[in-house]
Amino acid sequence: MAKLSSDYLLEYIRPIARVLKAARLITSALGVVAIAVGQTWMTSQTAWQLEWAPMIFWSGVGAIVVTGLILLFFEKDSASLLLDLNASEVMVGEQSDHIRYLERREEILLSWQSVTKLLAELLDQALTTSELDPEKKKAIFTAVVEILADYKFSLFRIADEYCNISIYEHSAERGILECIACYRSRPSDALGDHRTWKVGEGHVGKAFELQRELICGDASAPDIKPWISASPANFDDRDDERYVSLAAVPIGVNAEDPVGVLIVTSNVPMRFANSDENHGDENVKEERRLAVAALQDFAAQVGQFVAVFRLREATHAEGTSSDE
């Protein structure tokens, strides 16, 4: 439709352009001739030539002025054309960037909606399942991290790099945060035992202790690394190359009483960024802010899972005690 409209407009403009070009040539030629004739007749001995000479001369001047006006309003010099072309290119570039941002924003919001819906359906399963044994609990939390992994590119632009998506639950009895579900881009790394974290230790323990999200664009930065690094006893030599950009978000129904932490990390910098690190144009910054907001929403949903499991475990324990 836009192309048809522009084609119609061009077909309308072309004849006008030809008319203006012809008018410019005609008025310019007539003006030059009239001025020359007027000046010649001003010195003529013929009475009627002397009478008409001023009118012819000023008519020529008027024709030249008309030619100048046509040039002024309808044609431009090369320098002006270049400046206008550059301004148009800048405007087109800005519009293209804004269109790309709107498409990216729509992609994030649609993915956010899809993940929310899938997690809600999974929560319904947890609520309606007759028995929630440890295996069932593990299967549901594994499904949660796998759902997030399915949307990691559309939400966080995490593609083929090394990625870790984990859920840690706080054990009040042991005073540590334990991994209850884990996705790794290298599947073998998700198998076996995982490290536990004390409150305040590493990015997992720090986020839990602060009761707020911990966002880092480059964990290798000198002012960041010592603050979120693991203790010597818990340190892994591969940490520096695997966990470069990260988001650690407390999970819980009540923000002031978290029950664990949701982790998403990448070995590529700036997948996530806090306000100080969030460089780039406003569109890129807003994309990162949206991604973090989505992760906060997912963390709140995961908190509901933990609350449901704990409530059902407590109810089951009370029922067992009553039977005894």
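Yes/no per residue for (1) within 18 Å of the chain's Cα centre (by Cα); (2) over 26 Å from Leu191 (Cβ atoms); (3) not polar (S, T, N, Q):
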{"residue": "Ser88", "(1), (2), (3)": "no, yes, no"}
{"residue": "Val92", "(1), (2), (3)": "no, yes, yes"}
{"residue": "Asp97", "(1), (2), (3)": "yes, yes, yes"}
{"residue": "Leu122", "(1), (2), (3)": "no, no, yes"}
{"residue": "Ala126", "(1), (2), (3)": "no, no, yes"}
{"residue": "Lys138", "(1), (2), (3)": "no, no, yes"}
{"residue": "Ile158", "(1), (2), (3)": "yes, no, yes"}
{"residue": "Tyr162", "(1), (2), (3)": "no, no, yes"}
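Residues checked against (1) at pLDDT 85 or above; (2) closer than 16 Å to Ser245 by Cα; (3) open to solvent by 20 Å² or more (accessible area, probe 1.4 Å):
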| position | (1), (2), (3) |
| --- | --- |
| His279 | no, yes, yes |
| Lys285 | yes, yes, yes |
| Ala300 | yes, no, yes |
| Gln304 | yes, no, yes |
| Ala307 | yes, no, yes |
| Arg312 | no, no, yes |
| Thr315 | no, no, yes |
| Ser321 | no, no, yes |
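For the range 148-195, a residue qualifies if it is outside any loop (DSSP other than H, G, I, E, B) and among the basic types (Lys, Arg), and the qualifying residues are Lys152, Arg184.
Take the conditions closer than 22 Å to Gly200 by Cβ and of a type outside the set (S, T, N, Q) and apply them to Ala247. Does it pass? Show your work before the answer.
Working: closer than 22 Å to Gly200 by Cβ: yes; of a type outside the set (S, T, N, Q): yes.
Answer is yes for this residue.
May I ask you to say which residue of Ala293, Ala255 is surrounded by fewer than 16 Cβ atoms within 10 Å (Cβ to Cβ) and assigned to a helix (DSSP H, G or I)? Answer to the selection: Ala293.
Taken over the range 198-224, residues that are outside any helix (DSSP H, G or I) and in contact (Cβ under 8 Å) with a residue 60 or more places away in the chain amount to 4. Taking residues in the range 171-186 that are without any contact (Cβ under 8 Å) to a residue 24 or more places away in the chain, and partners anywhere that are open to solvent by less than 60 Å² (accessible area, probe 1.4 Å) and hydroxyl-bearing (Ser, Thr, Tyr), the pairs with Cβ atoms closer than 7 Å and at least 6 places apart or on different chains are Ile176/Thr196; Glu178/Tyr168; Glu178/Ser171; Glu178/Thr196; Cys179/Ser166; Cys179/Tyr168. Is it the case that Val199 is in contact with a Leu (Cβ under 9 Å, 6 or more places away or on another chain), within 25 Å of Glu256 (Cβ to Cβ) and surrounded by fewer than 16 Cβ atoms within 10 Å (Cβ to Cβ)? Here the answer is yes, as Val199 does meet what is asked.
Taken over the range 258-272, the criterion of being within 18 Å of the chain's Cα centre (by Cα), on the phi < 0 side of the Ramachandran plot and open to solvent by 10 Å² or more (accessible area, probe 1.4 Å) is satisfied by Val268, Pro269, Arg271.
Scan the range 101-147 for residues that are among the hydroxyl-bearing types (Ser, Thr, Tyr) and either assigned to a helix (DSSP H, G or I) or open to solvent by less than 90 Å² (accessible area, probe 1.4 Å) (or both) and jot them down.
Residues satisfying the conditions are Tyr101, Ser111, Ser114, Thr116, Thr128, Thr129, Thr142.
Taking the conditions exactly as written (within 28 Å of Arg310 (Cβ to Cβ), free of Cβ contacts under 8 Å to residues at least 24 places away in the same chain and in contact with a helix residue (DSSP H, G or I) (Cβ under 6 Å, 6 or more places away or on another chain)), does Arg195 satisfy them or not? Spelling it out, it is not the case that Arg195 is within 28 Å of Arg310 (Cβ to Cβ), free of Cβ contacts under 8 Å to residues at least 24 places away in the same chain and in contact with a helix residue (DSSP H, G or I) (Cβ under 6 Å, 6 or more places away or on another chain).
Give the residues of the range 18-65 that are of a type outside the set (D, E, K, R) and in contact (Cβ under 8 Å) with a residue 40 or more places away in the chain, sorted by residue number. Quick ask: steps written out before the conclusion?
Taking the range 18-65 and keeping what is of a type outside the set (D, E, K, R), we get 19-20, 22-23, 25-50, 52-65.
Correct list: Leu20, Ala23, Thr27.
The values are calculated or read from the model by the stated rules, or taken from the named source; none is laboratory data. Everything numeric here is computed off the predicted structure, so don't read it as measured data. Backbone-built Cβ (ideal geometry, glycine too); neighbour counts: all protein chains shown. Note: accessible area is taken over every heavy atom of the protein model, side chains too, but ligands, DNA and RNA are not part of it. Shrake-Rupley method; radii C 1.70, N 1.55, O 1.52, S 1.80 Å.
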